[in-house]
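One structure is given below, encoded as structure tokens.
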Amino acid sequence: MGGGASHAARSAAAMAVGGGGRRMVEAWVRDAAAHGEGGRARAGASLARLVARAYPARQTAGLPLLMELPHLYHDLYMAYRDRRCKVCATVPHRPALCLACGALLCFASECCRSVNVPGAVVQGEVCECFAHAATCGAGTAAFLLLKTSMVLLLRETHWCIWGSPYLDAYGEEDPELKRGRPLRLNKERYAQLQVLHSTHGLDHYSRVASSWHVGAHRY
């Protein structure tokens, strides 16, 4: 790892964590610098584990942190199953949970459209998730689609399905909740999403950048 990259990583560590968390990320930087490309690959794979240990619970560090999630997906689903949307006051047919603020929204629904949302890139009529992203996250948002367990990412006019932070005992996602296996929160995966969201790294992460679709205002 070159001097510039090492300095950037240390700066990110100083911004993101303090105390013991900072020391953990600095150890990751030293390991990457000492072992070249191979060390970088191994250190990159372990970064999410370090962040998960540094943030066992929600912190206040001046960054837009994501909400805490229960260990079992069943508990999360049951907690929101009968919640009503604050806009239309009905139980959403396709509920979307904002992972930044915990708001429950109607995903891709005609009932909660807004017009000329302040701060939105697209003016005119837009759907609720897009309008919420403009006001809650300056155009960037992560929503957990409760009937699929998958995360929807919105970034200005683009959207993509990131995957799920909940996996079964075999380490697999269940995109449509059809297998009937218990799903448990994978802290490393959720920590990775946390880092991407908090550092506005969505545009620079290859898995996301290669999957963007235009038309986020439809959601």
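Assorted remarks:
- Among the chymotrypsin sites (Phe, Trp or Tyr not before Pro) in segment 121-171, those located in a DSSP loop and surrounded by at most 15 other Cβ atoms within 10 Å of their own Cβ are Tyr170.
- Global form of segment 94-182, assessed from the alpha-carbon gyration tensor, a/c cut-off 1.5: prolate
- Carbon and sulfur %, accessible surface of segment 104-177 computed with the full protein complex present, 1.4 Å: 52
- In this structure the amide hydrogen of Thr140, modeled in the peptide plane, comes within under 5 Å of the amide hydrogens of Glu156, none closer than 5 places in sequence on its chain.
The values are calculated or read from the model by the stated rules, or taken from the named source; none is laboratory data. Keep in mind the model is a prediction, meaning the values are calculated, not measured. Every residue, glycine among them, receives a Cβ derived from its backbone with ideal geometry; neighbour counts consider all protein chains shown. Side chains included, ligands, DNA and RNA excluded: accessible areas come from the protein's heavy atoms. Shrake-Rupley method; radii C 1.70, N 1.55, O 1.52, S 1.80 Å.
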